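Read the structure below first, then the notes.
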Amino acid sequence: MIRFLKSLVLLPIAALVILLAVANRAPVQLSFDPFNADAPVFSVALPLYAILFGAVALGIVVGGIFTWLGQGKTRARARYHRREAVRYEREATRLRTYAPESETAGTYTVPNTGRTALPAPR
């Protein structure tokens with residue numbers, strides 16, 4: 001079902017992208033020299049669709065980099081919590097080996113009340 005929905009959305013977008021590329025294939029002068037408009041030093045002639053696709057790709061890459069950099073604190077916090085969980089699990093495993101069998105067997109039933117109680121701390 002998800003595959004069908006993806007194709008339902010992506011196929012019209014792909015058709016529009018192909019139509020844009022076919023309709024705008026004439027070369028356009030892309031200049032990187034703002035001071036000399038008549039004879040620019042840094043310029044290249046590319047089809048308009050290539051410039052548009054390149055701008056979109058550059059925007060995706062730059063946005064991804066800034067998003068990744070912005071999530072650095074979250075990733076560091078997740079690493080810290082993962083290390084803490086592993087440390088606590090190791091400590092619990094180590095302490096289980098020293099616990100007497102009678103305390104690790106389960107809970108105790110309190111006489112005449114029908115309630116259960118946890119073992120008293122030592």
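The values are calculated or read from the model by the stated rules, or taken from the named source; none is laboratory data. Computed from a predicted model, the values in this text were never measured in an experiment. Using ideal geometry, Cβ is built from the backbone for each residue, glycine included, and neighbour counts are taken over all protein chains shown. Protein only, heavy atoms only, side chains kept; ligands, DNA and RNA dropped before computing areas. Shrake-Rupley method; radii C 1.70, N 1.55, O 1.52, S 1.80 Å.
Values for this structure:
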quantity	calculated
Filter pass, Ile51 being among the β-branched types (Val, Ile, Thr) and open to solvent by 100 Å² or more (accessible area, probe 1.4 Å)	no
In the stretch 24-52, residue nearest to the chain's Cα centre (by Cα) [restricted to those that are touching a residue at least 12 places away in the same chain (Cβ under 8 Å) and assigned to a helix (DSSP H, G or I)]	Leu52
Within the stretch 1-27, considering residues that are farther than 13 Å from Phe53 by Cβ and touching a strand residue (DSSP E or B) at 6+ places or on another chain (Cβ under 8 Å), the one surrounded by the fewest Cβ atoms within 10 Å (Cβ to Cβ)	Ala26
Single unsatisfied condition, Ala92 versus (1) open to solvent by 60 Å² or more (accessible area, probe 1.4 Å); (2) farther than 30 Å from Ala14 by Cα; (3) modelled with pLDDT of 80 or more	(1)
Where Arg82 falls short, out of the listed (1) at pLDDT 85 or above; (2) surrounded by fewer than 10 Cβ atoms within 10 Å (Cβ to Cβ); (3) part of a helix (DSSP H, G or I)	(2)
Matching residues in the stretch 1-47 - criterion: being aliphatic (A, V, I, L, M) and touching a helix residue (DSSP H, G or I) at 6+ places or on another chain (Cβ under 9 Å)	Val17, Leu20, Ala21, Val22, Ala23, Ala26, Val28, Leu30, Leu46
Residue pairs meeting the criteria (Cβ under 7 Å; at least 6 apart or on separate chains; first assigned to a helix (DSSP H, G or I), in the stretch 1-22; second not β-branched (Val, Ile, Thr))	Leu20/Tyr49; Ala21/Tyr49
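Residues are listed down the side, and each one gets a yes or a no for (1) at pLDDT 80 or above; (2) open to solvent by 60 Å² or more (accessible area, probe 1.4 Å); (3) over 30 Å from Ile13 (Cα atoms):
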site	(1), (2), (3)
Ile65	yes, yes, no
Thr74	yes, yes, yes
Gly106	no, no, yes
Pro121	no, yes, yes
